[in-house]
Amino acid sequence: QVQLVESGGGLVQPGGSLRLSCTVSGSTFNMYTMAWYRQAPGKQRELVAQITSRFSTNYGDSVKGRFTISRDSAKNTVSLQMNSLKPEDTAVYYCYFPMYNMWGQGTQVTVSS
C-alpha cells in the first residue's frame, strides 16, 4: 500500500518561510519523478514544483526563485522549502507521486498578517 503523508503546513506572515515534507511508504521513489501541487479555494490544482530521479527541477512561474524542491531517497522524503511567502501562496499543498497517480492528504498553508 503506497501512502504519501505531508507535514509542515501552517500559518505564516507574508515574507516568512515554511518547509513542507512528504514521506512515502510502501514504495521507493528514487527512480521516479515527484511533485508538489497546490489548490486554492475556487481554483484549479496547479503544479508548484517537480523533481526527477536525476534531481532536475522545474517550478511554476509564480514560485520560481522563492521555492525549492528537494528529495532524500534514503529517507523516502520529498521537501518543499518555501521562502518569501505571499498571501497568494495560500492553498492546500499536495505531494504527488505520478508513477502511481498517488496524492497525499494535503497540508494547509496560510499566508496572512
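The values are calculated or read from the model by the stated rules, or taken from the named source; none is laboratory data. It should be emphasised that the depicted structure is a prediction, and the values quoted were computed from it without experimental measurement. Note that each Cβ is placed from the backbone with ideal geometry, even for glycine, and that neighbours are counted across all protein chains shown. The accessibility values were calculated without ligands, DNA or RNA, using every heavy atom of the protein model including side chains. Shrake-Rupley method; radii C 1.70, N 1.55, O 1.52, S 1.80 Å.
For (1) more than 24 Å from residue 12 (Cα to Cα); (2) open to solvent by 50 Å² or more (accessible area, probe 1.4 Å); (3) more than 10 Å from the chain's Cα centre (by Cα), each residue gets a yes or a no:
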{"residue": "31", "(1), (2), (3)": "yes, yes, yes"}
{"residue": "61", "(1), (2), (3)": "no, yes, yes"}
{"residue": "83", "(1), (2), (3)": "no, yes, yes"}
{"residue": "93", "(1), (2), (3)": "no, no, no"}
{"residue": "105", "(1), (2), (3)": "no, yes, yes"}
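Residues in segment 54-63: is at least one in contact (Cβ under 8 Å) with a residue 24 or more places away in the chain and not β-branched (Val, Ile, Thr)? Give the steps one after another, and end with the answer.
To start, the set of residues in segment 54-63 that are in contact (Cβ under 8 Å) with a residue 24 or more places away in the chain comprises 62-63.
Now drop any that are not not β-branched (Val, Ile, Thr), which leaves 62.
There is at least one residue in segment 54-63 that is in contact (Cβ under 8 Å) with a residue 24 or more places away in the chain and not β-branched (Val, Ile, Thr).
Quick test of your reading of the structure: residue 87 fulfils all but one of (1) touching a residue at least 40 places away in the same chain (Cβ under 8 Å); (2) surrounded by 12 or more Cβ atoms within 10 Å (Cβ to Cβ). Name the failing condition by number.
(2)
Where in segment 13-113 are there strands (runs of 3 or more DSSP E), lying fully within it, with 3 or more residues that are closer than 21 Å to residue 2 by Cβ?
On the way: elements: 18-25, 34-39, 46-51, 57-59, 67-72, 77-82, 91-97, 107-111.
Passing ranges, in order: 18-25, 34-39, 46-51, 67-72, 77-82, 91-97.
Are there any pairs with C-beta distances below 8 angstrom linking a residue in segment 38-51 that is of a type in the set (Asp, Glu) to a residue that is surrounded by 14 or more Cβ atoms within 10 Å (Cβ to Cβ) and assigned to a loop (DSSP other than H, G, I, E, B), with the two at least 6 apart or on different chains, and if so which?
46/60
Looking at residue 24, is it open to solvent by less than 20 Å² (accessible area, probe 1.4 Å), touching a Pro at 6+ places or on another chain (Cβ under 6 Å) and touching a residue at least 40 places away in the same chain (Cβ under 8 Å)?
Details: open to solvent by less than 20 Å² (accessible area, probe 1.4 Å): yes; touching a Pro at 6+ places or on another chain (Cβ under 6 Å): no; touching a residue at least 40 places away in the same chain (Cβ under 8 Å): yes.
Answer is no for this residue.
Among the residues of segment 12-29, write down those that are hydrophobic (A, V, I, L, M, F, W, C) and within 9 Å of the chain's Cα centre (by Cα).
Taking segment 12-29 as the starting set, the residues that turn out to be hydrophobic (A, V, I, L, M, F, W, C) are 12, 18, 20, 22, 24, 29.
Correct list: 20, 22.
What's the total number of residues in segment 33-59 that are open to solvent by 50 Å² or more (accessible area, probe 1.4 Å) and under 23 Å from residue 11 (Cβ atoms)? Talk me through it step by step, then tell me what you get.
Taking segment 33-59 first, the residues open to solvent by 50 Å² or more (accessible area, probe 1.4 Å) are 37, 39, 41-47, 50, 54-58.
Keeping just the survivors that are under 23 Å from residue 11 (Cβ atoms) gives 37, 39, 41-43, 45-46.
Final tally of qualifying residues: 7.
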